[in-house]
Amino acid sequence: MDEIEIPQYFICPISLQIMKDPVTAVTGITYDRESIEQWLKTSKHTTCPVTKQALPSDSDLTPNHTLWRLIRAWSAANASNGMDLIPTPKTPVSKSRVVKLIRDFEVPSLYMNALKKMEVLAKDNERKRKCLEEAGVPKAVILLLITCHRQGKISCLEQALRILHLIWTPCSEIKALVNQNCDFIDCLTWILLCETENPVIVRTHVMVILKRVIEVTNSRLLEKLKPEFFKQMLRVLKSKTSQQATKSALHILIQTCQWGRNKSKMMDANVIFELIEFELEKPEKHVTELIINLLAHLCSCADGRAQFLGHAGSIAMVAKRILRVSPATDDRAVQILKSISKYAATKHVLVEMLKVGAVTKLCMVMQADCAANVKEKAREILGLHSNLWNGSPCIAVYLLTRYQR
């Protein structure tokens, strides 16, 4: 193989490998399709690598059939020397073909086959996914899922979700569609209740898509979320469907709790108790960060603080996480203790903070390498109840100890 002399014009200027699918750019230079598409996708300045002329990322790449036939013939002639036969390039997907597949959604006997073909295209490469996006597939799949919800059909859910998971893009058309009403959010909530063949895959895809939907949903719709929506988010957390689904559910709850009466709806669903129970099982670091962040939001209201204190392990759990997870968790955990000590500081609560080590941790924060705003919050909490806590010998001991991170 090393002794074979490869014609220079068979070599891609980018990869310096034999071209398997030669295409010619508008600048007249031929490249291997995969290499030039990757270049156009990742390069900050979309220029021709050889001529340095402008080469827009959406510019046409014309298949060089003549060169491909020459490379193919040459590779076949050198097969005895160990040269692999150059395969036939896959036919590029056309927008007209994708539009035809979208039209098949309207025919009951054809839409399943159309979904299968779309899924194959979406899984293939970035170029085909881009073509699906430009042809309007995300919108078509969303409308198909909404129709399935209205008609109670579940046969196509998994494939439709797989496609949307692969090609979701928050373009203006999609934003406008999901913000018309709550139909798509209601649809995704319904799918979480459906009995499907692969429930873990389906629910994980639903949660990832739902997180993306919530990120582009306007405040008017977020304020109208139904109590059932929050019950389903809690169900996903309790079922531990997958790490991805768990993180998506927590992101969704954080994003939505700040609008309308959503905090109250979460209280009704007993979210705080379940969050504390989940955290007591010591999940991975990022999950802990999300849980403590969400608890900080929920403890900003009286009902949230009441539910938080209703769990026997709440204060101890939060105190234990301080200085053990991340700076972001330190900030949110101290904020929780601040909300409790400022607005729900009964004598029983203050004594418990002392007993479970929360006060000690606040003293350690004052000495540790924490952000200035976190130290200021800790100082404020200690100052609020210094009369009660000053008599504790543990405070004096820890104030003399430099905590090592």
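The values are calculated or read from the model by the stated rules, or taken from the named source; none is laboratory data. These numbers were taken from a predicted model, which means no experiment stands behind them. No Cβ is skipped: glycine too gets one built from the backbone with ideal geometry, and neighbour counts run over all protein chains shown. Heads up: the accessible areas ignore ligands, DNA and RNA and are worked out on the full protein's heavy atoms, side chains in. Shrake-Rupley method; radii C 1.70, N 1.55, O 1.52, S 1.80 Å.
His65 fulfils the conditions (1) assigned by the TED database to the domain that holds Thr196; (2) more than 24 Å from Ile185 (Cα to Cα); (3) open to solvent by 80 Å² or more (accessible area, probe 1.4 Å) except for a single criterion, (1).
Here is the figure for region 262-284: residues that are in a loop (DSSP other than H, G, I, E, B) and crowded, with 16+ Cβ neighbours inside 10 Å total 2.
Leu193 passes every criterion in (1) touching a residue at least 40 places away in the same chain (Cβ under 8 Å); (2) closer than 23 Å to Pro227 by Cα; (3) open to solvent by 30 Å² or more (accessible area, probe 1.4 Å) apart from (1). Which residue is most open to solvent (accessible area, probe 1.4 Å), if the candidates are limited to region 94-108 and must be under 25 Å from Cys148 (Cβ atoms) and not in a helix (DSSP H, G or I)? In this case the residue turns out to be Pro108. The single residue among Val334, Val318, Val287, Val365 that is part of a helix (DSSP H, G or I) and at pLDDT below 95 turns out to be Val365.
For Ser43, the requirement of being of a type outside the set (Asp, Glu) and surrounded by 15 or more Cβ atoms within 10 Å (Cβ to Cβ) is not met.
Taking (1) part of a helix (DSSP H, G or I); (2) at pLDDT below 95 in turn, Gln258 satisfies each apart from (1). If you filter region 282-312 down to residues that are acidic (Asp, Glu) and within 23 Å of the chain's Cα centre (by Cα), you find that the one that is farthest from Ile336 (Cα to Cα) is Glu284.
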